1. Looking at residue 203 and the list (1) surrounded by 13 or more Cβ atoms within 10 Å (Cβ to Cβ); (2) at pLDDT 95 or above, which single condition is not satisfied?
2. Please specify each residue of region 90-110 satisfying the condition of being loosely packed, with under 12 Cβ neighbours inside 10 Å and modelled with pLDDT under 50.
3. Give the number of residues within region 111-139 that are farther than 21 Å from residue 275 by Cβ and either part of a loop (DSSP other than H, G, I, E, B) or touching a residue at least 40 places away in the same chain (Cβ under 8 Å) (or both).
4. Let me confirm something: among 281, 258, which residue is under 28 Å from the mean Cα position of the chain (by Cα) and in a helix (DSSP H, G or I)?
5. Out of 216, 228, I need the residue that is surrounded by fewer than 18 Cβ atoms within 10 Å (Cβ to Cβ) and in a helix (DSSP H, G or I). Which one?
6. So residue 220 clears everything in (1) within 21 Å of residue 116 (Cβ to Cβ); (2) more than 22 Å from the chain's Cα centre (by Cα) except one condition, right? Which one?
7. Just checking, how many residues over region 47-69 are within 13 Å of the ligand (Cβ to nearest atom) and in contact with a strand residue (DSSP E or B) (Cβ under 8 Å, 6 or more places away or on another chain)?
Ligand SMILES: [Zn+2]
């Protein structure tokens with residue numbers, strides 16, 4: 001018997017954890033071009049968050065929807081004491097939401113991490129959306145420009161590309177079109193979904209930076225923390241550049257050892273050095289980056 005499932009890669013829109021899940025094929029067999037909504041419970045992809053994923057009939061992810069609030073069951077203790085069965089409303093991260101958290105909630109965790117990476121590493125970025133969706137990104141641009149050191153701040157803005165839903169009734173088709181047109185760019189949609197990633201480097205380091213920054217208790221500290229992490233990264237880049245200038249070629253492993261010996265306060269490892277190498281190549285000079293033999 002042929003496989004009656006389709007494997008689909010999902011990413012938690014709140015924290016970026018990724019997992020591939022099996023979706024029954026029969027779900028896609030219905031008529032029409034409708035959007036399929038699947039509820040992903042706690043533990044389905046991520047242990048901490050539940051969300052909805054929107055798929056098209058081909059099984060491509062169109063976006064995610066998140067919940068602002070969780071209504072929990074009335075507690076047993078409450079019942080015993082004769083309280084009315086009012087739901088116990090738990091608000092999740094709603095108390096004085098920080099700016100950074102606001103953008104993560106609005107665009108999704110992976111979209112914000114990728115946006116940060118594209119800004120820091122000088123990639124063009126696009127937000128593709130229907131022309132009847134209103135998106136404001138100016139404030140977000142200011143915040144992110146502010147945390148990138150002047151020397152590496154670039155003119156790349158998140159470009160908003162609008163499409164007419166009358167001409168393109170299937171958003172998935174327009175996303176695929178945009179992906180083909182801008183393969184060298186980071187592309188997102190307003191439904192918290194990443195449409196295209198132009199880099200091959202793993203950006204887990206930035207995910208950790210953003211996650212840790214968001215765990216700070218207030219808006220100012222979150223931005224400060226993120227900016228500290230970026231400065232730390234740039235310092236590591238500068239140490240690496242200095243070292244590379246003194247050698248002809250060096251094996252990745254030897255470079256990691258040398259950098260760790262010379263800088264006891266930082267831990268250089270393979271993923272971090274790959275990221276540093278990409279940064280040098282994109283933002284400083286490809287020749288220097290190519291001295292590292294991998
Ligand atoms: Zn999550």
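1. (2)
2. Answer for region 90-110, where residues must be loosely packed, with under 12 Cβ neighbours inside 10 Å and modelled with pLDDT under 50: 90, 91, 94.
3. 13
4. Numbers: 258 fails: under 28 Å from the mean Cα position of the chain (by Cα).
Exactly one residue qualifies, and that residue is 281.
5. Details: 216 fails: in a helix (DSSP H, G or I).
Testing whether each residue is surrounded by fewer than 18 Cβ atoms within 10 Å (Cβ to Cβ) and in a helix (DSSP H, G or I) leaves just 228.
6. Answer for residue 220: the failing condition is (2).
7. From region 47-69, those within 13 Å of the ligand (Cβ to nearest atom) are 47-51, 53, 64, 66-67; that's our starting set.
Checking which are in contact with a strand residue (DSSP E or B) (Cβ under 8 Å, 6 or more places away or on another chain) leaves us with 49-51, 53, 64, 66-67.
Matching residues across region 47-69 total 7.
Every residue, every condition in (1) in contact with a helix residue (DSSP H, G or I) (Cβ under 8 Å, 6 or more places away or on another chain); (2) under 30 Å from residue 65 (Cβ atoms), yes or no:
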residue: 183; (1), (2): no, yes
residue: 202; (1), (2): yes, yes
residue: 254; (1), (2): no, no
residue: 266; (1), (2): yes, no
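The values are calculated or read from the model by the stated rules, or taken from the named source; none is laboratory data. What you see is a predicted model; the values in this text were computed from it and never measured. Because the Cβ atoms are built from the backbone with ideal geometry, glycine has one as well, and the counts that use them run over all protein chains shown.
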